[in-house]
Amino acid sequence: MKLLHVVGARPNFPKLAPVHRAGVRQGVSQVIVHTGQHYDEVMSEGFFASLGIPVPEHNLAVGSASHAVQTARIMERIEPVLLAEQPDWVVVYGDVNSTVAAALVAAKLGLRIAHVEAGLRSNDRSMPEEINRIVTDRLADLLLTPSLDANVTLRAEGVPDAQVGFVGNVMVDSLMFTLERERIAPDAHGQWPDDGSVLVTLHRPSNVDDEARLTGIVGALREVATERRVVFPAHPRTRAKLASYGLDTGAIVMRDPVSYEEMLGLMTHAHVVITDSGGVQEETTALGIPCLTLRPNTERPITVTEGTNRLVAEPAELPALVRASQRGAAHRIPEGWDGKAGERVILALQRALSGAGG
Ligand code: UD1
């Protein structure tokens, strides 16, 4: 079996790592294509090094551009690679522009597509990732889901059960692997040491591209920062927007983006996390750390129904919610978030291929 993995943006990398590792263990032939959607050292190469992913065989170096231009560039540049490599599976991850662009090209070339993290829906088409999720799932031959609610969603959308496989959450594989390697461990009572800080990550266009919205968020975070240490490693797009709107971040500790290991260190020690990231919603649930998600909806509802996540529509609610946040609230770890999802992805790909007569 030959796999061609396509990744491009920061959240793809922890999803690829455990699948690639499991593929190596099973002696699978694998090729990695990096589209170059993210290209800063700390957003890209640093993650490859942290996660033990080999240097990609192909880098399409598409860089930043409008959605249309970025997607089109990926499509143009990946077509000859797919034609030359002729994999048994094109494996795409998550919901970024690289995911949908690769799926569209592979589908037209008649190559089999597997989507890791299928079936998530925010039901909010103003979110670019929602368009990417819907289109990728329509095109994929094998839809591998991170949680069982995603199977229910895909069935309701009419996807045949035979095309859907529940594998669990590959992000949690990377989380567990890295915590163990870095010796980041809970105390004797199974608790993560709470340093009282508030960790913030925000980069969604709906939060940072609107001046009034971002001004409200910064105001709320500044208020929180009068009571607790607030640490905010800012994505480049967030940094740029803060500067262009001339916003004063006051006592908030602004940081450049941090490495994967450092992020997990900050997260395990935080009293509460404020985010709009999908991955951080999952990681906090896996760790049992309280999370306030600054969005009206989530494509990962299991982090709310079973985990430690809470949706917050209005930034002004944050100071009171941070005050009310408590460590150790009752929660469950969703099924399949066990560190073995990468193995199950490889198994599902092998089974589906032999079923297809490949
Ligand atoms: C992308 C994904 C989003 C994911 C996020 C994680 C899409 C539609 N969005 O959003 O789902 O949650 O990655 O980070 O695919 N920039 C740099 N250096 C980089 C990359 C980006 O400076 O390495 C800056 C550029 O100014 C760029 C801006 O960040 O214009 C936004 O980057 P882009 O890739 O368009 O989207 P993200 O916001 O990163």
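The values are calculated or read from the model by the stated rules, or taken from the named source; none is laboratory data. This one's a predicted model, so the numbers in the text were calculated from it and none came from an experiment. In this analysis, Cβ positions are derived from the backbone assuming ideal geometry, glycine residues included, and neighbour counts consider all displayed protein chains. Just the protein is used for accessible areas: all its heavy atoms, side chains included, with ligands, DNA and RNA removed. Shrake-Rupley method; radii C 1.70, N 1.55, O 1.52, S 1.80 Å.
Brief remarks on what is shown
- Residue count for segment 307-319 under the criterion of being small (Gly, Ala, Ser) and either exposed (fewer than 12 other Cβ atoms within 10 Å of the Cβ) or touching a His at 6+ places or on another chain (Cβ under 7 Å) (or both): the result is 2.
- Ser50 meets the conditions (1) among the hydroxyl-bearing types (Ser, Thr, Tyr); (2) surrounded by fewer than 20 Cβ atoms within 10 Å (Cβ to Cβ); (3) away from the ligand (no atom under 14 Å from the Cβ) in every case but one. The failed one is (2).
- Residues of segment 173-184 satisfying the condition of being touching a residue at least 40 places away in the same chain (Cβ under 8 Å) and either closer than 24 Å to Ala352 by Cα or not in a helix (DSSP H, G or I) (or both): Asp173, Glu182, Ile184
- So Ala286, is it more than 21 Å from the chain's Cα centre (by Cα) and either outside the structural domain of Asp88 (by TED's automatic domain parsing) or of a type in the set (Phe, Trp, Tyr) (or both): no
- Flag for Ile346 being part of a strand (DSSP E or B) and open to solvent by less than 20 Å² (accessible area, probe 1.4 Å): no
- Positions within segment 278-314 being of a type in the set (Val, Ile, Thr), under 21 Å from Gly336 (Cα atoms) and either away from the ligand (no atom under 16 Å from the Cβ) or not in a loop (DSSP other than H, G, I, E, B) (or both), in sequence order: Val280, Thr284, Thr285, Ile289, Ile302, Thr303, Val304, Thr305, Thr308
- Breaking point among (1) of a type in the set (Val, Ile, Thr); (2) closer than 18 Å to Asp195 by Cα; (3) open to solvent by 30 Å² or more (accessible area, probe 1.4 Å), for Val304: (2)
- Scanning segment 1-19 for residues that are open to solvent by 20 Å² or more (accessible area, probe 1.4 Å) and more than 15 Å from the chain's Cα centre (by Cα) returns Met1, Lys2.
- Residue match in segment 23-40 (condition: over 16 Å from the mean Cα position of the chain (by Cα), within 15 Å of the ligand (Cβ to nearest atom), open to solvent by 40 Å² or more (accessible area, probe 1.4 Å) and farther than 16 Å from Gly94 by Cα): yes
- Restricting segment 203-234 to residues that are closer than 17 Å to His271 by Cβ and out of contact with any strand residue (DSSP E or B) (no Cβ under 7 Å at 6 or more places or on another chain), the residue that is nearest to the ligand (Cβ to nearest atom) is Ala220.
- Taking segment 184-212 as the range and being farther than 21 Å from Glu262 by Cα and either buried (at least 17 other Cβ atoms within 10 Å of the Cβ) or touching a Cys at 6+ places or on another chain (Cβ under 6 Å) (or both) as the test, the residues that pass are Arg204, Asn207, Val208.
- Any hit, segment 76-94, residues being out of contact with any strand residue (DSSP E or B) (no Cβ under 9 Å at 6 or more places or on another chain), open to solvent by less than 60 Å² (accessible area, probe 1.4 Å), closer than 24 Å to Met127 by Cα and not polar (S, T, N, Q): no
- Val200 being of a type outside the set (Phe, Trp, Tyr) and closer than 14 Å to Ala270 by Cβ: yes
- Of all residues in segment 59-70, those that are more than 9 Å from the ligand (Cβ to nearest atom), surrounded by fewer than 20 Cβ atoms within 10 Å (Cβ to Cβ) and closer than 21 Å to Lys15 by Cα total 2.
- Among residues of segment 240-261, those that are touching a residue at least 12 places away in the same chain (Cβ under 8 Å) and within 16 Å of the ligand (Cβ to nearest atom), counted: 10
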